[in-house]
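Chemist: Take a look at the following structure, please.
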Amino acid sequence: MKTILAALCALCIGSAATAQEFHGGLGLDYGKPHSGEDQAGFSWLGGVTFGGPTLRYGVELDIGMPLNGNTDYDTNRLRLIGMYDIGDYTILGAVGVTRYQFGDEDNDGSNFGIGVERDFSDRWSLRGEFIRDFLDEDFGGFTDAVTTTRIAMIYRFF
């Protein structure tokens, strides 16, 4: 899976024939493991998308940190994203790899997400998203699946 994701990322970055758009943002996350303690956190987002006005694709990296609580796990995700404009809203889907860090432990896995974005201006948008992480093994006091709900402000650099 990681080899396929790396190859697709290289194809996206090497695709100079389409328009590109860089974006960054800050998200508030609520992670709910299927057993274990919930966690509120924030994520820094950054990525690049390619394509036309209706259909876009690209890569996105997010780095998440806890706000409080006793679970205190950090998340890192590298995701391929696809976006489809339906007028006032943009639907997005994502798939990628995940790394959770809990103290000295690391655990890798995969993720997928679905969400919607609404533009406020030509540079700012609000994103709502559900992300599901599947980890390779139990770790950090919770099982191998975590569902994260995110709301984020996105800034496009053009």
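The values are calculated or read from the model by the stated rules, or taken from the named source; none is laboratory data. Please read these numbers as outputs of a predicted model, since none were measured by experiment. Using ideal geometry, Cβ is built from the backbone for each residue, glycine included, and neighbour counts are taken over all protein chains shown. In case anyone asks, the SASA skips ligands and DNA or RNA and just uses the protein heavy atoms, side chains included. Shrake-Rupley method; radii C 1.70, N 1.55, O 1.52, S 1.80 Å.
Chemist: Looking at Arg118, is it at pLDDT 95 or above and either touching a helix residue (DSSP H, G or I) at 6+ places or on another chain (Cβ under 6 Å) or open to solvent by less than 40 Å² (accessible area, probe 1.4 Å) (or both)? Walk me through it before giving the result.
Modeler: On the way: at pLDDT 95 or above: yes; either touching a helix residue (DSSP H, G or I) at 6+ places or on another chain (Cβ under 6 Å) or open to solvent by less than 40 Å² (accessible area, probe 1.4 Å) (or both): no.
Considered against the rule, which asks whether it is at pLDDT 95 or above and either touching a helix residue (DSSP H, G or I) at 6+ places or on another chain (Cβ under 6 Å) or open to solvent by less than 40 Å² (accessible area, probe 1.4 Å) (or both), Arg118 comes out as no.
Chemist: Filter region 62-97 down to the residues that are in a loop (DSSP other than H, G, I, E, B), touching a residue at least 40 places away in the same chain (Cβ under 8 Å) and of a type in the set (S, T, N, Q) and list them by number. Before the answer, list the steps.
Modeler: Residues of region 62-97 in a loop (DSSP other than H, G, I, E, B): 67-73, 86-88.
Next cut, touching a residue at least 40 places away in the same chain (Cβ under 8 Å) only: 71, 73.
Result: Thr71, single match.
Chemist: Something else now. Quick one: in region 26-40, of everything that is within 17 Å of the chain's Cα centre (by Cα) and either of a type in the set (A, V, I, L, M) or on the phi > 0 side of the Ramachandran plot (or both), which residue is modelled with the lowest pLDDT?
Modeler: Looking at the filtered set, the residue picked out is Ala40.
Chemist: Something else now. Check off (1) under 17 Å from the mean Cα position of the chain (by Cα); (2) at pLDDT below 90; (3) among the β-branched types (Val, Ile, Thr) for Thr71 and give me the number that stays unchecked.
Modeler: It fails just one condition, (1).
Chemist: Ok, one more. State yes or no: is Ile81 farther than 15 Å from Trp44 by Cα and either touching a Phe, Trp or Tyr at 6+ places or on another chain (Cβ under 8 Å) or of a type outside the set (Gly, Ala, Ser) (or both)? Full working, then the answer.
Modeler: On the way: farther than 15 Å from Trp44 by Cα: yes; either touching a Phe, Trp or Tyr at 6+ places or on another chain (Cβ under 8 Å) or of a type outside the set (Gly, Ala, Ser) (or both): yes.
So Ile81 fits the description; yes.
Chemist: Considering only region 41-61, I want to know if a residue exists there that is surrounded by 14 or more Cβ atoms within 10 Å (Cβ to Cβ), without any contact (Cβ under 8 Å) to a residue 60 or more places away in the chain, part of a strand (DSSP E or B) and among the charged types (D, E, K, R).
Modeler: Within region 41-61, one or more residues are surrounded by 14 or more Cβ atoms within 10 Å (Cβ to Cβ), without any contact (Cβ under 8 Å) to a residue 60 or more places away in the chain, part of a strand (DSSP E or B) and among the charged types (D, E, K, R).
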